[in-house]
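What follows is one structure encoded as structure tokens, with my remarks underneath.
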């Protein structure tokens, strides 16, 4: 489960970075490389679309971060010995059979 959330976290980081860089700022930013954003996103321009997208991606990012923290915290509480014991059944060693001492008749 944590590996899926970790992959989703990486994807969210990349998408959030792109969404932030495409927004209009005091300088043009990377939005200049994609052409005229206002004609693509409608009459209101990219402001509302990119703002909603950034908010949604930010919310998903924070939610995913909290979920990752929870699952990693749960994994930290587990003992490695308990995990190994669950996977392999640990049994007590069998009684060691030591042969009885052999009595020899040494009558001279």
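Okay, residues lined up against (1) modelled with pLDDT of 70 or more; (2) surrounded by fewer than 13 Cβ atoms within 10 Å (Cβ to Cβ); (3) touching a strand residue (DSSP E or B) at 6+ places or on another chain (Cβ under 9 Å); (4) assigned to a helix (DSSP H, G or I):
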site: 14; (1), (2), (3), (4): yes, yes, no, yes
site: 50; (1), (2), (3), (4): yes, no, no, yes
site: 54; (1), (2), (3), (4): yes, no, no, yes
site: 86; (1), (2), (3), (4): yes, yes, no, yes
site: 92; (1), (2), (3), (4): no, yes, no, no
site: 98; (1), (2), (3), (4): no, yes, no, no
site: 105; (1), (2), (3), (4): yes, yes, no, no
Going through the stretch 63-84 one residue at a time, which ones are in contact with a helix residue (DSSP H, G or I) (Cβ under 9 Å, 6 or more places away or on another chain) and closer than 15 Å to residue 2 by Cβ?
64, 65, 67, 68, 71, 72, 75
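The values are calculated or read from the model by the stated rules, or taken from the named source; none is laboratory data. As the structure is a prediction and not an experimental result, all values here were calculated from the model. Please note: Cβ atoms are built from the backbone with ideal geometry, for glycine as well, and neighbour counts cover all protein chains shown.
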